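One structure below.
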Amino acid sequence: MIGGMAGAAVIAAGKPFESIAAQASDQYQLKGNIRHSVSQWCYGDIPLDEFARACKEMGIESIELLHEKDWATVAAAGLKCAVGYATDWGIPKGFNRKENHDKLVADYEAMIPKAAAAGVPNLICFSGNRDGLSDHDGLINCATGLRKIIPAAEKHGVTIIMELLNGYGHKDYQCDKTSWGAALAEMVGSDRFKLLYDIYHMQIMEGNVIETIRKYINYIGHIHTGGVPGRHELDETQELYYPAIMQALVKTGYKGFVGQEFVPSQKDKLASLRKCIRICDV
């Protein structure tokens, strides 16, 4: 039923995915309303320098989720890295545990000035898994840890963004609701802490994507995409109509990046990326 409703929405909008993708000629010019970025891990089998050249040709502004060692490679292609890594710890170990704070604070305080010098505007962070911790205590612990790195972030003009993830694919992850993330942002109390609103993950957890973006836009510093279900292309094979979502995002006045984080299902991954960039280019 969801697929049928999504198809009806596409027809009602009078702009089927096929007609949008048909704009994928070499003469197509991006409209400039969306700052396009892409997550490198989805194209890990393509050498980064080659991938960067392809992204530049498509009009993509950034390749993201890169470690410091790779920032210069994308810069050499004339691209930014919209989101960098600051620590070698993964998703389960985050700011919600006090015992993690010493290492995380040291890692972020060391990386923030490097990110600023390299023109990397955002560094990603994670709440960590609950592992029995209440949402209230997780908020307190995250806010306590994050406040320690905010002075460095404010000094250097780098934003720390915490990603919202679904609690099914990332079982027990604490920052799995937009409202929880917004409450944390209020507690941290700085414009240098924002949320990474992942449309794929939050469609799974909450739905109501457009209204959620409108309600919480002041807390959102970065956007990720992905088709639902499956996390593949943003076309008619999934339930979300991305042109409408992007139009709503633009109308909020959002000036951050939109990072493509779908896993290509087609053999020609770059063709899939080009198609999805243009689906989102409103």
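The values are calculated or read from the model by the stated rules, or taken from the named source; none is laboratory data. All values derive from a computational prediction rather than experimental measurement. Don't worry about glycine lacking a Cβ; one is built from the backbone with ideal geometry, like all the others, and counts go over all protein chains shown.
Considering only the stretch 124-140, state which residues are surrounded by fewer than 23 Cβ atoms within 10 Å (Cβ to Cβ) and either under 19 Å from Phe257 (Cβ atoms) or modelled with pLDDT under 95 (or both).
Once the filter is applied, which keeps residues that are surrounded by fewer than 23 Cβ atoms within 10 Å (Cβ to Cβ) and either under 19 Å from Phe257 (Cβ atoms) or modelled with pLDDT under 95 (or both), the stretch 124-140 yields only Ile124.
In the set Lys194, Lys251, which member is surrounded by fewer than 16 Cβ atoms within 10 Å (Cβ to Cβ) and among the charged types (D, E, K, R)?
Just one listed residue meets the conditions, Lys251.
Go through the stretch 43-63 and count every residue that is in contact with a helix residue (DSSP H, G or I) (Cβ under 7 Å, 6 or more places away or on another chain) and either at pLDDT below 95 or within 19 Å of Phe257 (Cα to Cα) (or both).
Matching residues across the stretch 43-63 total 7.
Is there a residue in the stretch 215-230 that is closer than 27 Å to Phe95 by Cβ and more than 16 Å from the chain's Cα centre (by Cα)?
yes
Kindly check whether there is at least one residue in the stretch 73-91 that is of a type in the set (Gly, Ala, Ser), modelled with pLDDT under 95 and in contact with a helix residue (DSSP H, G or I) (Cβ under 6 Å, 6 or more places away or on another chain).
no
For the stretch 237-276, name all the residues that are part of a loop (DSSP other than H, G, I, E, B) and either among the polar types (S, T, N, Q) or in contact with a Cys (Cβ under 6 Å, 6 or more places away or on another chain) (or both).
First, the residues of the stretch 237-276 that are part of a loop (DSSP other than H, G, I, E, B): 237-241, 252-256, 261-268.
The answer is Thr237, Gln238, Thr252, Val263, Ser265, Gln266.
Inside the stretch 185-236, can you point out the residues that are in a loop (DSSP other than H, G, I, E, B), aliphatic (A, V, I, L, M) and in contact with a Gly (Cβ under 9 Å, 6 or more places away or on another chain)?
Of all residues in the stretch 185-236, those in a loop (DSSP other than H, G, I, E, B) come to 189-192, 206-208, 225-236.
Still in the running and aliphatic (A, V, I, L, M): 228, 234.
The answer is Leu234, and nothing else.
Restricted to the stretch 25-65, and to residues that are charged (D, E, K, R), farther than 23 Å from Leu249 by Cβ and not in a loop (DSSP other than H, G, I, E, B), which residue is nearest to the chain's Cα centre (by Cα)?
As a first pass, look at the stretch 25-65 and keep what is charged (D, E, K, R): 26, 31, 35, 45, 49-50, 53, 56-57, 61, 64.
Filter again for farther than 23 Å from Leu249 by Cβ, leaving 26, 45, 49-50, 53, 56-57.
Now narrow it down to the ones that are not in a loop (DSSP other than H, G, I, E, B): 49-50, 53, 56-57.
Numbers: Asp49: 22, Glu50: 22, Arg53: 21, Lys56: 19, Glu57: 22 Å.
Restricting to residues being charged (D, E, K, R), farther than 23 Å from Leu249 by Cβ and not in a loop (DSSP other than H, G, I, E, B), the top hit is Lys56.
Could you check Val188 against (1) buried (at least 19 other Cβ atoms within 10 Å of the Cβ); (2) closer than 29 Å to Leu48 by Cβ; (3) of a type in the set (A, V, I, L, M, F, W, C) and say which number it fails?
(2)
Taking the stretch 59-73 on its own, how many of its residues are in contact with a Lys or Arg (Cβ under 7 Å, 6 or more places away or on another chain) and buried (at least 17 other Cβ atoms within 10 Å of the Cβ)?
2
From the residues in the stretch 189-211 that are within 27 Å of Glu154 (Cβ to Cβ) and of a type outside the set (D, E, K, R), which one is farthest from the chain's Cα centre (by Cα)?
Filtering first and then ranking leaves Gly189.
Of the numbered conditions (1) among the hydrophobic types (A, V, I, L, M, F, W, C); (2) crowded, with 18+ Cβ neighbours inside 10 Å; (3) within 21 Å of His224 (Cβ to Cβ), Ile91 fails exactly one; give the number of that condition.
Unmet for Ile91, out of (1) among the hydrophobic types (A, V, I, L, M, F, W, C); (2) crowded, with 18+ Cβ neighbours inside 10 Å; (3) within 21 Å of His224 (Cβ to Cβ): (2).
Give Ile199, Ile210 a once-over and let me know the one that is out of contact with any Phe, Trp or Tyr (no Cβ under 6 Å at 6 or more places or on another chain), within 30 Å of Glu109 (Cα to Cα), modelled with pLDDT of 95 or more and aliphatic (A, V, I, L, M).
Every option except Ile199 fails the conditions.
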